[in-house]
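As structure tokens, the structure follows; a few thoughts come after it.
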Amino acid sequence: MIDRLEALLRQVPQVKMEPVHRFTPKLYTRELTMPAGTLLTSKIHKTEHQYIVSKGIVQVWLDGRRERIVAPYHGITQPGTRRVLYVEEETIWTTCHPTVTTDLVALEEELIEPREVALELTSGMAQDIEDVLRKELT
């Protein structure tokens, strides 16, 4: 089902979101600011790790369930997790990964299943896609 959504998202203009990468000894964090009205699919993580939503409100669909996350929020991602997110209010989502690797390409290989990158779309299309998603996942 998420594959069908991604195929639909490929047909609309994309929003560029640049993550902020931070490194401390044995820890990598990736912070992403997501604009309100954005609908996106997550990457598939290989490892269990913590995440923090420090700002915003986001609806998350995971394994057929919808959860509305309101910052501040702290959670744990399990290996193989793949999410669909709809950003109600600008949201800052940070993932925390234990690693000694600091090369971003090597980190991607270490932490992410080899799938296509997360897809985002402009907020102008979000309501139409959200309606499709709501029908598919409820």
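The values are calculated or read from the model by the stated rules, or taken from the named source; none is laboratory data. The structure presented is a predicted model; accordingly, all values stated were derived computationally and were not measured. Positions of Cβ are generated from backbone atoms using ideal geometry, with glycine treated the same way; all protein chains shown enter the neighbour counts.
Within the set of pairs 6+ apart or on separate chains, which have a first residue in region 78-90 that is touching a residue at least 12 places away in the same chain (Cβ under 8 Å), a second that is among the basic types (Lys, Arg), and C-beta atoms under 7 Å apart? From residues that are touching a residue at least 12 places away in the same chain (Cβ under 8 Å), the pairs are Pro79/Lys46; Glu90/Lys55. Of all residues in region 90-103, those satisfying the criterion of being outside any strand (DSSP E or B) and exposed (fewer than 12 other Cβ atoms within 10 Å of the Cβ) are Val100, Thr102, Asp103. Under the condition of being without any contact (Cβ under 8 Å) to a residue 60 or more places away in the chain, in contact with a Gly (Cβ under 9 Å, 6 or more places away or on another chain), under 15 Å from Tyr86 (Cβ atoms) and of a type outside the set (A, V, I, L, M, F, W, C), the residues counted in region 21-57 number 0.
For region 91-131, filtered to residues that are in contact with a helix residue (DSSP H, G or I) (Cβ under 8 Å, 6 or more places away or on another chain) and under 20 Å from Pro35 (Cβ atoms), the residue that is modelled with the highest pLDDT is Ile129.
Report yes if Leu40 is buried (at least 16 other Cβ atoms within 10 Å of the Cβ), out of contact with any strand residue (DSSP E or B) (no Cβ under 7 Å at 6 or more places or on another chain) and under 22 Å from Glu113 (Cβ atoms), otherwise no. No: the conditions fail for Leu40. Taking the conditions exactly as written (closer than 20 Å to Leu104 by Cβ and touching a Phe, Trp or Tyr at 6+ places or on another chain (Cβ under 8 Å)), does His21 satisfy them or not? Yes. Against the test of being free of Cβ contacts under 8 Å to residues at least 24 places away in the same chain, part of a helix (DSSP H, G or I) and not small (Gly, Ala, Ser), the options Glu109, Glu67, Glu18 yield a single qualifying residue, Glu109. Checking Trp61 against (1) outside any loop (DSSP other than H, G, I, E, B); (2) closer than 27 Å to Lys26 by Cβ, which single condition isn't satisfied? All conditions are met except number (2). Tallying residues that are among the hydrophobic types (A, V, I, L, M, F, W, C), surrounded by fewer than 18 Cβ atoms within 10 Å (Cβ to Cβ) and more than 26 Å from Pro114 (Cβ to Cβ) within region 53-80 yields 3.
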